[in-house]
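First the structure, in the form of structure tokens, and then the observations on it.
The values are calculated or read from the model by the stated rules, or taken from the named source; none is laboratory data. Everything numeric here is computed off the predicted structure, so don't read it as measured data. Positions of Cβ are generated from backbone atoms using ideal geometry, with glycine treated the same way; all protein chains shown enter the neighbour counts. Areas reflect the complete protein model, heavy atoms only, side chains present, ligands, DNA and RNA absent. Shrake-Rupley method; radii C 1.70, N 1.55, O 1.52, S 1.80 Å.
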Amino acid sequence: MAEAYLLVMVTVCDACGKGPLEPGGHEALEIEGGQGRRMLARCKVCGAEQEFAFDLSDLVEPEDAAGSPRINPSEQPSQAIDLAQWLMLFEAIVRAADEQSDPIEGRRLGYEAAQCLEEALKFYPLGAVEWPDESAFFYESTLSRYREHRHVFARTRLVEMRQRLPSLGQMQERLRGQAGKRAWWVFWRRQ
């Protein structure tokens, strides 16, 4: 469900075309051949509600050692959130972590942001390929953003951003309270 919540956050409102949508609660949903979840979301701009249905029959949502949900523990890229959306999520979550006064919540958000960046990198073919294939963009709006601002999607740029962050293992340790108290996301302000 972690990926489902993130998908709702980057989906535009059907009613006004804006957003963001704010995920609400979710409940079990019987679907043909398995289990699912139904989630309601409300647009923060116009207040319209949208309903989402997710097929979870083949999925298991493991938790990592820190007890935080892993967004996508597989090596495969998402089939729901595209490359541009993962980068939008990364930036939004880093901003939220930076504004957070609770250090524990800040660390949790930072861990989530790092996972978003790793999810974005899954869209690049193995090797030294600098640019993703256009199939990494699921919507005309995100494909247009790629075409207009190609430099934002350079693989070396994303790899450099990821290298500035602690490893997921280090972040997990901090979430468990076994590491120092310095906020790791402060690097973002130095740019």
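For a quick check of your reading of the model, give me the residue pairs whose first member lies in the stretch 113-129 and is touching a residue at least 24 places away in the same chain (Cβ under 8 Å) and over 13 Å from GLU75 (Cβ atoms), whose second is open to solvent by less than 50 Å² (accessible area, probe 1.4 Å) and of a type in the set (Phe, Trp, Tyr), with beta-carbon atoms closer than 7 Å and at least 6 apart or on different chains.
Close Cβ pairs satisfying both conditions: ALA113/PHE90; CYS116/TRP86; CYS116/PHE90; LEU117/PHE90; ALA120/TRP86; ALA120/PHE90.
Output the residue which, of all residues in the stretch 18-41 that are in a loop (DSSP other than H, G, I, E, B) and surrounded by 11 or more Cβ atoms within 10 Å (Cβ to Cβ), is modelled with the highest pLDDT.
LYS18
Please enumerate the residues belonging to the stretch 125-179 that are open to solvent by less than 30 Å² (accessible area, probe 1.4 Å), assigned to a loop (DSSP other than H, G, I, E, B) and at pLDDT below 95.
Within the stretch 125-179, LEU165, PRO166 meet the criteria.
Working only within the stretch 11-29, note down all residues that are touching a residue at least 24 places away in the same chain (Cβ under 8 Å) and charged (D, E, K, R).
Passing the criteria: ASP14, LYS18.
Quick check on the stretch 1-17: of everything there that is closer than 16 Å to LEU89 by Cα and open to solvent by 50 Å² or more (accessible area, probe 1.4 Å), which residue is modelled with the lowest pLDDT?
Keep residues of the stretch 1-17 that are closer than 16 Å to LEU89 by Cα, which gives 1-12.
Restricting the remaining residues to those that are open to solvent by 50 Å² or more (accessible area, probe 1.4 Å) gives 5, 9, 12.
Values: TYR5: 84, MET9: 87, VAL12: 87.
Only one residue tops the list, namely TYR5.
Has the stretch 42-58 got any residue that is open to solvent by 50 Å² or more (accessible area, probe 1.4 Å), in a strand (DSSP E or B) and modelled with pLDDT under 90?
yes
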